[in-house]
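To keep things clear, I will list the structure first and then write my remarks on it.
The values are calculated or read from the model by the stated rules, or taken from the named source; none is laboratory data. Keep in mind that this is a model prediction, so the values were computed, not measured. Here the Cβ is made from the backbone with ideal geometry for all residues, glycine too, and neighbour counts use every protein chain on show. The protein model used for the area step is the full one, side chains on, heavy atoms only, and it has no ligands, DNA or RNA in it. Shrake-Rupley method; radii C 1.70, N 1.55, O 1.52, S 1.80 Å.
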Amino acid sequence: MNRTRSRALVAGVLVGVLGFAGKGLAEEWPSRPVTMVVPFAAGGPIDVGGRILAQRLSEVLGRQVVIENVGGAGGMTGSNRVAKAAPDGYQFVLGNIATHAFTQSLHKKPLYDAAAEFAPVGLTVEQPRVLAVRSDLPVNTLAEFIAYAKANQVTMQYGSAGPGSAAHVACLLLNSVIGTNITHVPYRSTTMAMQDMAAGRIDFICDVISGALPFIQGGSVRPIAYLSPKRSPVLPHVATAHEQGLANFDTSSWHAIFFPNGTPEAIVQRLNAALSETLDTPIVRERLENLGATVVAPERRSPDYLAKFLRSEIDKWAGPIKASGVTSE
C-alpha cells in the first residue's frame, strides 16, 4: 500500500471514529439537569420567554432545564459566566440583542467577544419594541411626545433593565435621533421600571411588547409608538415610529441560545433539534405569540444561521451606537 493510500485510510478511520463518538455523545447528553442562564432578573421579558421554553425543553430532552437568573451589567454578567464555563453542554445562555450585539459596540472593553466565545445554537423569537409612557403624561402621539420631551428634558426620566440593556440602548438611540438628553434610571428589570412608571415615578420606557403588554392592557401605562418596522397583532391600533414620521427607526429585539465556545458539535445539534421541536409545539407557540413575540421560521433556526446573523447584527448596530456618541466603560 503506498503512502497516499495509507494516509487516506487513516483519515477515513479517524472520521468514522469521531463521527461515532459524536453520535454517542449526543445520545448520552444530557445525563443530568441542564442550566439555562437568563442574564436578567426574574419576571422580565426574557425570563418569561425562557421559562416557557424551559418547560417544554425539559420534556423533549428528558432532563430538567433549570433557569438561573444571573443579572448585572446589562446582561453581560450572566452571559460572561456562560462564555467562560466548561464547554460540556450543561450550561447555556438565553441571550438577546443587548447581550450579544449592543455590548460589542457600547462598551470599550466588553467582557467577552460575542462572535468568538460562544457556540451558537439557534434563534428563538423576535419581538417588536414599544415606546410607552406613564398614563398621565400629556401626550398621545409620537409628535406630541417629541415636543414634550424637548420642552421638559431636564426633568424627565426613563427606565430600563440597567446600563447597556436593550431597553436602555433603545431609549438612548431615540434620544439621539430626536435631539434630547433625558436622565436614565436603571432598574434590575424592565418589570420593576414598568411598575415605577405605572406609579408615576418615571416618564417612559422603550420595552419589548411582551414586557409592556400587561401594563398597557391594565391601563397603567400608555403606548405611543412601535419602535419597530411593523405593528404587532396584539396591539394593532398602535402606529409605528416610521408611520408617525421617524423614518426607519427600528430597535426590534431577538432572543437566541448560546453554549460556550468549544461545546461538542453533537451536543449543539442535539439542543438545536430539541429547541426546534419546542418552538413547533402548539402551546409554546401560542404562549409566545400571546406575548407579542414572533417565533422564528424553521429555516432561520440553525446554528450556522445564528452565527452569520449575529455577526451581521454586531455590524448593523456598531454604526448607530457610535453615531449616537454613547459609550460605557
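Per-residue 3J(HN,Hα) values for region 302-307, derived from phi via the Karplus relation 6.51 cos²θ - 1.76 cosθ + 1.60 with θ = phi - 60°, read 6, x, 5, 4, 4, 4 Hz in sequence order (x marks Gly and Pro). Quick one: work out the % antiparallel among DSSP beta bridges in the chain, nearest 5. Within the chain, antiparallel bridges account for around 60 percent of the total. Run the accessible area of the chain with a 1.4 Å probe and give the carbon-and-sulfur part as a rounded percent. Result for the chain: 54 percent of the exposed heavy-atom area is carbon or sulfur. Relative protection proxy for 212-224, 120-132, from highest mean packing down: 120-132, 212-224 (other beta-carbon atoms within 10 angstrom).
So for each of 108-114, 42-48, 150-156 I average, over its residues, the number of other beta carbons within 10 Å; can you give me the resulting order with the highest mean first?
Taking the mean over residues of other Cβ atoms within 10 Å, the ranking is 42-48, 108-114, 150-156.
Please report how far the C-alpha centroid of region 268-291 lies from that of region 147-163, rounded to the nearest whole angstrom. Measuring centre to centre over Cα atoms gives 37 Å.
Here the Karplus relation 6.51 cos²θ - 1.76 cosθ + 1.60, evaluated at θ = phi - 60°, turns the backbone of region 66-77 into coupling constants of 9, 7, 10, 7, 10, x, x, 6, x, x, 6, 4 Hz, with x for every Gly and Pro.
The accessible-area ordering, largest first, of the residues 299, 313 stands as 299, 313, per a 1.4 angstrom probe. Shape class of region 215-321 from the alpha-carbon gyration tensor: oblate, with a/c at 1.5 or above and b/c at least as large as a/b.
With a cut-off of 12 Å between beta carbons, the residues surrounding residue 238 carry a summed charge of +3, where Lys and Arg count +1 and Asp and Glu -1. Run the count for the chain, please: Lys pairs, Cα-Cα under 19 angstrom, 8 or more apart or on different chains. Final tally of qualifying lysine pairs is 7. Remark on region 139-273: Rg and Dmax equal 17.0, 57 Å (Cα only). Here the Karplus curve 6.51 cos²θ - 1.76 cosθ + 1.60, taken at θ = phi - 60°, turns the phi angles of region 81-89 into couplings of 4, 6, 4, 9, 6, 4, x, 9, x Hz, with x standing for Gly and Pro. Less than 5 angstrom separates the built amide H of residue 118 from those of 261, all sequence-distant by 5 or more or on a different chain. The distance separating the Cα centre of region 182-239 from that of region 27-42 comes to 30 Å. Rolling a 1.4 Å probe over the protein heavy atoms gives the chain an accessible area of 43 Å² per residue. Simple point charges give the picture: +1 on the Cβ of Lys and Arg, -1 on the Cβ of Asp and Glu, and for region 173-326 a dipole about the Cα centre of about 160 debye.
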